[in-house]
1. Would you check if Thr8 is modelled with pLDDT under 85 and either loosely packed, with under 10 Cβ neighbours inside 10 Å or not assigned by TED's automatic domain parsing to the domain that holds Gln144 (or both)?
2. I need the full set of residues from the range 104-130 which are over 17 Å from Ser146 (Cβ atoms) and surrounded by 12 or more Cβ atoms within 10 Å (Cβ to Cβ), in order please.
3. In the range 39-49, which residue that is in contact (Cβ under 8 Å) with a residue 12 or more places away in the chain and not small (Gly, Ala, Ser) is surrounded by the fewest Cβ atoms within 10 Å (Cβ to Cβ)?
4. Of all residues in the range 51-103 being closer than 22 Å to Pro140 by Cβ and exposed (fewer than 12 other Cβ atoms within 10 Å of the Cβ), which is modelled with the lowest pLDDT?
5. Counting only residues that are within 17 Å of Gly81 (Cβ to Cβ) and modelled with pLDDT of 90 or more, which one in the range 136-156 is surrounded by the fewest Cβ atoms within 10 Å (Cβ to Cβ)?
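The values are calculated or read from the model by the stated rules, or taken from the named source; none is laboratory data. All values reported here derive from a predicted model rather than from experimental measurement. Counting neighbours? That spans all protein chains shown, and the Cβs are built from the backbone with ideal geometry, glycine included.
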Amino acid sequence: MTLTLRRTSIYFCSAIISLSLIACAGDPMESGLDPFAPMVFKEGATAMPLNPPNKATLVPFYVSQHTIFKFAVDTDSILIGADGVTRYIVVLTNPSGGQQAQYEGIRCDSFQWRLYGTFENQAWKENPLSTWRGIQSNVPNRYQASLAQGAFCNFNSQEKNIKTIIRALNPNGFTGGTKPTNSFGVQ
């Protein structure tokens, strides 16, 4: 009789454990489909621009009082990607007048930038070692931080309206050289 009771007890416990596991299978927390979990970033395909920077649509922007370079963004090149990346052509001018054009992207959610390629010998050259890097706010040539804070990002989310971006890039009202403040005025 004890052997029968013991077997029944084992079958009963096994049934309870099996039912518990089946009940948990529909739970999003257990199945890995948590709707509140952060999404894993998946970058879309990025093609290099077909044309050089358009001098007619280059808009200069302020970076910092400590920089010796001048910076301008080609507003015709700005692409607001569905993957959360804003891509653009930036033209850097050194003090002697030499220029370099770069095709880059900014992610607002992680405050990162990526160099896709450079314009060399009248053609775009892709950067094969391109990776996402953190945007630095404390260096003199912090132009990615200026673009992110002044035009491309709305705090940590991507600005989706191209007209808002172009309006924000207006040299008379551009705020990219300063950090945004919170509602208490604290930087």
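1. On the way: modelled with pLDDT under 85: yes; either loosely packed, with under 10 Cβ neighbours inside 10 Å or not assigned by TED's automatic domain parsing to the domain that holds Gln144 (or both): yes.
So Thr8 fits the description; yes.
2. Taking the range 104-130 as the starting set, the residues that turn out to be over 17 Å from Ser146 (Cβ atoms) are 109-110, 116-130.
Scanning the range 104-130 gives Asp109, Ser110, Tyr116, Gly117, Thr118, Phe119, Trp124, Lys125, Glu126, Asn127, Ser130.
3. Initially, the range 39-49 is screened for residues in contact (Cβ under 8 Å) with a residue 12 or more places away in the chain, giving 41-44, 46, 48-49.
Next, only the ones that are not small (Gly, Ala, Ser) stay: 41-43, 46, 48-49.
On the way: Phe41: 13, Lys42: 7, Glu43: 13, Thr46: 17, Met48: 14, Pro49: 19.
Per the stated criteria, the residue is Lys42.
4. Step one: filter the range 51-103 for residues closer than 22 Å to Pro140 by Cβ, giving 58-73, 88-102.
Next cut, exposed (fewer than 12 other Cβ atoms within 10 Å of the Cβ) only: 65-66, 68, 94-98.
Values: Gln65: 82, His66: 85, Ile68: 90, Asn94: 94, Pro95: 94, Ser96: 95, Gly97: 95, Gly98: 95.
So, considering only residues that are closer than 22 Å to Pro140 by Cβ and exposed (fewer than 12 other Cβ atoms within 10 Å of the Cβ), the one modelled with the lowest pLDDT is Gln65.
5. We begin by selecting, within the range 136-156, every residue within 17 Å of Gly81 (Cβ to Cβ); these are 144, 147-148, 151-154, 156.
Within this subset, residues satisfying the condition of being modelled with pLDDT of 90 or more are 144, 147-148, 151-153.
Numbers: Gln144: 27, Leu147: 28, Ala148: 25, Ala151: 27, Phe152: 28, Cys153: 22.
My answer is Cys153.
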